[in-house]
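Any read-out appearing in this document is the output of simple, stated calculations on the displayed coordinates, not a laboratory observation. Here the structure is a predicted model, which means the values were calculated and not measured.
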Amino acid sequence: MSAVKVDRAAQRVQPVQFVPPVPPVPPDGDPFDALGDPNRRAIVELLGAGGRTVREIADSLPISRPAVSRHLRLLKDAGLVVDQPQGTRRIYQLHDQGVDAVRAYLERVWGEVAARFRLMAENTVPPEAPVPPALHEVSEPRIAKTVARSTRATRFRERQ
């Protein structure tokens, strides 16, 4: 696709070539390194609800605005966050392609392990609490006193 540009000084028409947008550059950082910090994970969780400014993020976390900016830069370098200028501010939001890449990696590595674990956890009956030995089964008097106290404490808790 081409457009026309008019050179007013020379009064001649010159064709202008359309340049397609440049595809995104692959991230410089490792998304898993970026997610290794609890503050950055908290920022990702906040951005999951929608775009926010540095100030809004800093107000929600116990860290300063400069610290939030550094964390956002690392998340941006890892391809997890993008920013869009809006007047004098920048609105940060999760980068869908970066998040999808992390999700695809985890699915490729773990496969169905997470689903299997959930099924096993949901269908496993927890073991019953161990029954304390009866007083007559305990041979030493000192241990018998401890078992008796423990049994009384258990019965007291059960009544409440």
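If N is the number of residues in segment 31-115, what value comes out of its Cα radius of gyration divided by 2.2 N^0.38 Å?
For segment 31-115, the normalised Cα radius of gyration comes out at 1.14.
Show the residues, 5+ positions off or on another chain, whose built amide H is closer than 5 Å to the amide H of ILE91.
Result for ILE91 returns GLN84, GLN86.
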